[in-house]
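**Q** Dropping a structure here in structure tokens format, bear with me for questions.
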Amino acid sequence: MELDNIRLGKRIKAARKRRGLSQLALSETLDCTPNHLSYIENGNRSLSLAKFVQLANVLGASADELLMDSLDNTAEAMDHKYSSIMAGCSECEKRILLSIIFAVKEVMEGSQF
């Protein structure tokens, strides 16, 4: 599978927004211009491996989370994402989410997607 720069850029943008960072603030941390970061987020430019690692560290995102759309082992990446979401939940929230997952799974099994 090839690297999908457009989806990678969308994941970078989403992670940046979750962290409450502007393009300017993130670009300053990464020592690049806001325009360059915008090109990356829009999938028009790619990153060096060193810059990608720096970006993932600043955003608190795992490489597999950011590259999920370009990896052949996306199930492992999704499992990691699910685990990280659940780790931040209270016991009550975990029970609620689990019941929602079971309900959605039942609907999916009864439907033809």
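**Q** List, in the order given, every pair from Lys13/Lys94; Lys17/Lys94; Lys13/Lys105; Lys17/Lys105; Lys81/Lys105; Lys17/Lys81 whose Cα-Cα distance in the structure shown is over 21 Å.
**A** Lys13/Lys94; Lys17/Lys94; Lys13/Lys105; Lys17/Lys105
**Q** Further, regarding this structure: Take each complete run of DSSP H in the chain, measure how far its Cα atoms stretch along the helix's own axis, and keep only those covering 24 Å or more with mean Kyte-Doolittle hydropathy at least 0.0; list them.
**A** Span-like helices, by this rule, are 91-110.
**Q** With a ≥ b ≥ c the root eigenvalues of the C-alpha gyration tensor of the range 46-113, is it rounded (a/c under 1.5), prolate (a/b larger than b/c) or oblate?
**A** Here the range 46-113 falls in the oblate category.
**Q** For the residue pair Ala14 and His80, what label-to-label distance in nm results when each label sits 7 Å from Cα along the Cα-to-beta-carbon direction?
**A** 1.5 nm
**Q** Considering only Arg18, Arg45, Arg95, give the residue with the highest GNM mean-square fluctuation for the chain, with springs between Cα atoms whenever their separation is below 10 Å.
**A** Sorting by GNM fluctuation, first place goes to Arg95.
**Q** Work out, in µm²/s and without decimals, the Stokes-Einstein translational diffusion coefficient of the range 1-71 at 4 °C, 1.567 mPa s, Rh from Kirkwood over C-alpha pairs. The partial results should precede the final answer.
**A** Details: Rh = 11.8 Å.
Rounded to a whole number, D works out at 110 µm²/s.
**Q** Turning to a different aspect of this structure: Rounded to whole Hz and in sequence order, give me ³J(HN,Hα) for the range 60-67 from the Karplus expression 6.51 cos²θ - 1.76 cosθ + 1.60, θ = phi - 60°, writing x for Gly and Pro.
**A** x, 10, 7, 4, 5, 5, 6, 9
**Q** How far apart, in nanometres, would the label points at Lys94 and Ala25 be if each is projected 7 angstrom from Cα along the Cα-to-Cβ direction?
**A** Between Lys94 and Ala25, the simple spin-label model gives 3.1 nm.
Read-outs: derived from the displayed coordinates by stated rules, not from any lab. Note that the structure is predicted; figures quoted are calculated from it, not measured. Because the Cβ atoms are built from the backbone with ideal geometry, glycine has one as well, and the counts that use them run over all protein chains shown.
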